[in-house]
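The values are calculated or read from the model by the stated rules, or taken from the named source; none is laboratory data. Computed from a predicted model, the values in this text were never measured in an experiment. Cβ placement follows ideal geometry from the backbone for every residue including glycine, while neighbour counts extend to all protein chains displayed.
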């Protein structure tokens, strides 16, 4: 079991480091190129860092604090992250609508295309690795953390689609804004499911995008 816990900690640290880099690069290019979709994707990556830190905190502190105290503290942290997701969804939606109204668009979506492709490759590996580990450990927390990576895959797919549409057909200037609205929808859904899960009496812990439904165990 110790080896499995160490692997969980390694995957969480990898998630933290990768998402910090991805978030910084995405926000940087998003702001400089006026891409709301890329900037929103970058901020989401930074919030995912908090999700991964929750898993690290859980495995490192549960033994010393006791599971009851650990779950209580994690519930508050998860609720806070869910709120951040909802705020991000609202602000991204507003920015996207303003961009559509003004008719503005990014000068290029090449950075978004590259970042999305890189993210898809890493997140697919993280998702499958965390899912296998969750089953091996029979861990609901790790299973929900894998759901975080799956959500990132979906967001990367949306970002890639919007970026490619603009590259192939620049006349579709609204592609970036529409992609941002879709991303905002997924982020908002994450926030809603997270806050609902954190408020459930049977909350068992997990990442920032914890599923509202507690995974069933055979």
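Is it the case, given these coordinates, that residue 166 is within 13 Å of the chain's Cα centre (by Cα) and within 27 Å of residue 29 (Cβ to Cβ)? When the stated conditions are applied, residue 166 does not pass them. None of 80, 42 is crowded, with 18+ Cβ neighbours inside 10 Å, at pLDDT 75 or above and within 30 Å of residue 177 (Cβ to Cβ) except 42.
Here 122, 203 are screened, and the one residue that is in a helix (DSSP H, G or I) and in contact (Cβ under 8 Å) with a residue 24 or more places away in the chain is 122. For the condition closer than 21 Å to residue 43 by Cβ, in a helix (DSSP H, G or I) and touching a helix residue (DSSP H, G or I) at 6+ places or on another chain (Cβ under 9 Å), what is the one hit in 179, 146? Answer to the selection: 179.
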